[in-house]
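Working notes for the structure below.
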Amino acid sequence: MAMDKLERYAEILDGAAFHACATPQLMHTDPELSVADAYQIQKLSVDCRLARGERRIGVKMGLTSRAKMQQVGVEEVVWGRLTDAMLIEEGTALSFARFVHPRVEPEVAFLMKAPLSGKVTAAAALAAVEAIAPAMEIIDSRYENFKFALSDVIADNASASGLVIGSWNDPSMDFSNLGVILEIDGQVLEVGSTAAILGHPLRSLVAAARLVAAAGEDIAAGDIVMAGGITAAPNLAPGQTIRTTIQGIGAVMFQVEV
Ligand code: OOG
Ligand code: MG
């Protein structure tokens, strides 16, 4: 696809995120939009954020669990880019107005102490991890009705919008199969296990190293890597208090302003 068209799509998606205003799916006008073009659009749209002064802080993996794939009807693992503007301080109240139609996902976050790139083993991936934390991602598709196909969601930076990270833990514990609870206003809405993430959250990190390298970039020391949603993602609404608890590694919470 010609560069000017990729740039135009990137600007449309960046504008939709910036103004919290939904836009039609790219694949409605361009049914042939390839995955490679979609990742180019993603990069160009995140470049718009960087040009406004945002800083890259890591990457997110998406659609790494059955529950997530089934919820959105896309059966491929995807990745996206995270910036500091997406970071939400634990325990803070966030304004609903900055989102189009946000959803929340219980996740595991990795903090990297060494770079990771290309085809790596799970042991090598683990050796590059400084710490793991319970986390939540706020996803907010920029497409109307939260509907998209594979290339759409890739171009839209895998719906990346916000992330909240709890306390960091030593990664030497076995975190392959920890119980996960997502509560909204004290009611348990979703339960799951870290094993829902490709069988083991480390597999998501292995996949991240490969996919990010394929795009000519690296996971760096100090980066955050979000491993992907463990359960289906419920809708957020004003006034809610959201908490995710992961067995053995702690809890993380935030509120949505009334
Ligand atoms: C795509 C992003 C999915 C995850 O953790 O699976 C994702 C979406 O559902 O909008 O972030
Ligand atoms: Mg996610």
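The values are calculated or read from the model by the stated rules, or taken from the named source; none is laboratory data. Treat the numbers as computed from the prediction; the structure is a model and nothing was measured. Cβ sites come from the backbone with ideal geometry, for glycine too, and all protein chains shown count toward neighbours. Calculation scope for accessible area: heavy atoms of the full protein, side chains included, ligands and nucleic acids excluded. Shrake-Rupley method; radii C 1.70, N 1.55, O 1.52, S 1.80 Å.
With bins 5 Å wide beginning at 0, the percent of Cα pairs of segment 1-144 falling in each bin runs 2, 8, 14, 20, 21, 18, 10, 6, 1.
Using a Förster radius of 25 Å, what is the FRET efficiency between Phe18 and Trp168 based on their Cβ-Cβ separation? Nearest 0.05, please. Step by step, r from the Cβ atoms, then E = 0.20. Both the radius of gyration and Dmax for the chain are 17.0, 50 Å, in that order, over alpha-carbon atoms. Rounded to the nearest 10 square angstrom, Glu183 shows an accessible area of 40 square angstrom against a 1.4 Å probe. Compare the Cα positions of Gln71, Leu163, Ser117 along the charge dipole of segment 3-257 (+1 at Cβ of Lys, Arg; -1 at Cβ of Asp, Glu; about the Cα centre) and return the one farthest towards the positive end. Among Gln71, Leu163, Ser117, the one farthest towards the positive end of the dipole of segment 3-257 is Ser117.
Which semi-axis lengths, in whole Å and largest first, follow from the square roots of five times the eigenvalues of the Cα gyration tensor of segment 1-83? Don't skip to the answer; put the middle values down first.
On the way: eigenvalues 88, 63, 32 Å².
Result for segment 1-83: semi-axes of 21, 18, 13 Å.
Given their separation in residues at 0.36 nm each and the Cα-Cα distance between them, Met69 and His28 gain 12.7 nm when the chain is fully extended. Based on the Cβ-Cβ distance from Arg52 to Glu144, what FRET efficiency comes out when R0 is 22 Å, to the nearest 0.05? That gives a FRET efficiency of 0.35.
When the dipole is taken about the Cα centre of the chain, and only Lys, Arg (+1) and Asp, Glu (-1) are charged at their Cβ, what size is it in debye, to the nearest 20?
Details: 20 positive and 31 negative charges, 55 e Å.
Charge dipole, the chain, about its Cα centre: 260 debye, nearest 20.
Rounded to the nearest 10 square angstrom, Asp14 shows an accessible area of 20 square angstrom against a 1.4 Å probe. Ratio of Rg to Rh for segment 82-230: 0.95 [Cα atoms; Kirkwood radius as inverse mean 1/r over pairs].
The lysine pair tally for the chain, using Cα distances under 23 Å and a gap of 8 or more places or different chains, is 10. Heavy-atom surface analysis with a 1.4 Å probe gives the chain a carbon and sulfur content of 52 percent of its accessible area.
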